[in-house]
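Here the structure is laid out as structure tokens; the discussion comes afterwards.
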Amino acid sequence: MNEGNTFKNQVIICHCSGTTEETIKALVLNNIFDFEEISRKTGVCSGCGSCEDLVLDLIMMARSHSTN
Ligand code: FES
């Protein structure tokens, strides 16, 4: 077992576009909070749409952390 794993965990939020949690957080940290804009830039919710609630929650959480 490799306890010294240096690879960053990449949590996929949208499997249709392959968008990770880190990508969405980075956009929010760059003051991009608008769901439509994030969708245009990353492709989230442009496929099956099942990630919508997850993306909205993540935007809300990342936004509250970025304003604290
Ligand atoms: S999982 Fe995001 S559009 Fe399908």
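The values are calculated or read from the model by the stated rules, or taken from the named source; none is laboratory data. Everything numeric in this text was worked out from a predicted model, so none of it was measured. All Cβ positions, glycine included, derive from the backbone under ideal geometry; neighbour counts span all protein chains shown.
Some observations on this one:
- Selection count where residues are of a type in the set (S, T, N, Q) and under 12 Å from residue 20 (Cα atoms), scope the stretch 42-66: 1
- Qualifying residue in the stretch 17-29 (condition: among the hydroxyl-bearing types (Ser, Thr, Tyr) and at pLDDT below 90): no
- Screening the stretch 10-68 for helices (runs of 4 or more DSSP H) wholly inside it with 3 or more residues that are in contact with a Phe, Trp or Tyr (Cβ under 8 Å, 6 or more places away or on another chain) and more than 8 Å from the ligand (Cβ to nearest atom) returns the ranges 52-66.
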